[in-house]
């Protein structure tokens, strides 16, 4: 069987470094791996179109946080093209008024010459408390944030603010689906992932202990192992139900 192409979608203020361990650890299970640049669009729908324009006809798709919003939109736009879906530390719900207010405040901070304060403000919310002081994680978060920059950050935040409510589309997802989260994810808590897994037929829910929102960076080995099992499930499904 031909291995799938694997498209990985980063989250807010993140780039390919978010998926470094998974890109290396899954290379033997994929025909190629592409980490999408999601800094140029200001809507989730536009980001999803970018995935579909650059991806092959059929592919496996994984997204973390904002990347999960994009992944859900990709499946909504082109369900027959996605062979397997992984939703990490994300949600199908739209933004709340409180979340939108906080995002707009961060955008103002970014354009007020205080962009470093943006990632510093977000850090305690996106990693487990035990990892906030981890120099490797801090360096990665800072490096990714500065690579995205204030303009890319604003576009991403406005895309997140305007994202649709995807809960009604969950029952239509029919490909092998992994739903994964850090058990201590403060931004998208486990109950939101239970909602995803309950809504998607046959979805597999995996919780990672002592882990916050950036699971791929915080617990890379566990996440890569779960994604290997997910891709192997896709292979079994394709064997049992060839096109």
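Observations, loosely collected:
- Helical contribution to [θ] at 222 nm, DSSP H n ≥ 4, -39,500 (n - 2.57), averaged over the chain, rounded to 500: -15500 deg cm²/dmol
- Taking label positions 7 Å along the Cα-Cβ direction at both residue 225 and residue 186, the computed distance is 2.7 nm, reported to one decimal.
- Taking 0.36 nm per residue of sequence separation and removing the Cα-Cα distance, the residue 28/residue 111 pair yields an extension gain of 25.7 nm.
- Annotation: extensible slack from residue 77 through residue 194 equals 39.8 nm (criterion: 0.36 nm per residue apart, minus Cα-Cα distance).
- Each peptide in 103-114, 195-206 gets a packing score, the mean of other Cβ atoms within 10 Å over its residues, and the list from highest to lowest is 195-206, 103-114.
- With Cα atoms, 0 to 90° folded angle of helix 135-161 axis to the chain main axis: 90
- Relative contact order computed over the chain (Cα-Cα under 8 Å; 6+ residues apart), in percent: 25
- The peptide list 129-141, 18-30, 161-173, put in order of mean Cβ contacts within 10 Å with the highest first, becomes 18-30, 161-173, 129-141.
- Segment 55-84 residues near the modelled residue 147 label - backbone nitrogen below 18 Å, point 7 Å along Cα→Cβ: 62-68
- In degrees, nearest ten, helix 115-126 long axis to first principal axis of the chain (Cα): 50
- Relative to the longest principal axis of the Cα atoms of the chain, the long axis of helix 66-77 lies at roughly 40 degrees.
- Relative contact order for segment 1-50, counting Cα pairs under 8 Å that sit 6 or more residues apart, in percent: 46
- Taking the fewest neighbouring Cβ atoms within 10 Å as the starting point, the ordered list for 219, 225 is 225, 219.
- Modelled label positions at residue 58 and residue 232, each set 7 Å beyond Cα in the direction of Cβ, lie 2.2 nm from each other.
Every number in this text was worked out from the coordinates using simple rules, so none of it is lab data. Just so it is clear, the model here is predicted, and its values are computed rather than measured. A quick note on method: Cβ atoms are made from the backbone with ideal geometry, for glycine too, and the neighbour counts reach across all protein chains shown.
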